[in-house]
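This report concerns only the one structure given below.
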Amino acid sequence: MPVTWNSILQVTIFMIIVLLITKPLGLYLTKVFAGERTWLSPVCVPIERFFYRLSGVNPEEEQKWTGYMIAVLVFSVEASTMLSTSSVRKKISKPGPKSGARCCGGAPRPSGPGRTCQPSGWRSPCASRPSGGRERGLSSS
């Protein structure tokens with residue numbers, strides 16, 4: 001992929017934004033982790049307390065390594081299960097091309113796995129199809 005002025009500008013703007021928010025965000029996180037009051041405390045603390053009550057967690061109590069290990073394992077197993085079932089479900093429910101389907105203004109749909117009307121790395125059937133005796137970009141005058 002070629003480097004363009006647009007890409008250079010985007011990276012530069014992104015880096016400037018990151019540099020500008022580093023100090024304020026760092027000071028905010030320092031206060032949060034120290035347990036001090038911040039400007040978001042009136043909104044976030046009640047939500048945090050609600051989830052503590054909902055899950056039965058005592059915020060004053062330290063978590064033991066065994067509890068942490070169990071939580072990580074349960075989360076990993078659940079995430080892996082959800083990911084694998086969603087990919088299997090996607091493969092099962094993905095409809096194939098209809099027989100006789102056409103694309104690119106009438107050209108037959110390419111066959112084979114991963115073939116589409118918008119090619120990436122192979123020539124489209126439309127590019128090789130004659131267009132009324134005229135080549136692309138040339139007029140018949």
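Read-outs throughout are calculated quantities, based only on the coordinates presented, and are distinct from any laboratory measurement. Just so it is clear, the model here is predicted, and its values are computed rather than measured. No Cβ is skipped: glycine too gets one built from the backbone with ideal geometry, and neighbour counts run over all protein chains shown.
For segment 9-32, enumerate the residues that are among the aromatic types (Phe, Trp, Tyr) and touching a Lys or Arg at 6+ places or on another chain (Cβ under 9 Å).
If the condition is that a residue be among the aromatic types (Phe, Trp, Tyr) and touching a Lys or Arg at 6+ places or on another chain (Cβ under 9 Å), then no residue fits.
Quick one: in segment 27-42, which of the residues that are surrounded by 10 or more Cβ atoms within 10 Å (Cβ to Cβ) and assigned to a helix (DSSP H, G or I) is nearest to the chain's Cα centre (by Cα)?
29
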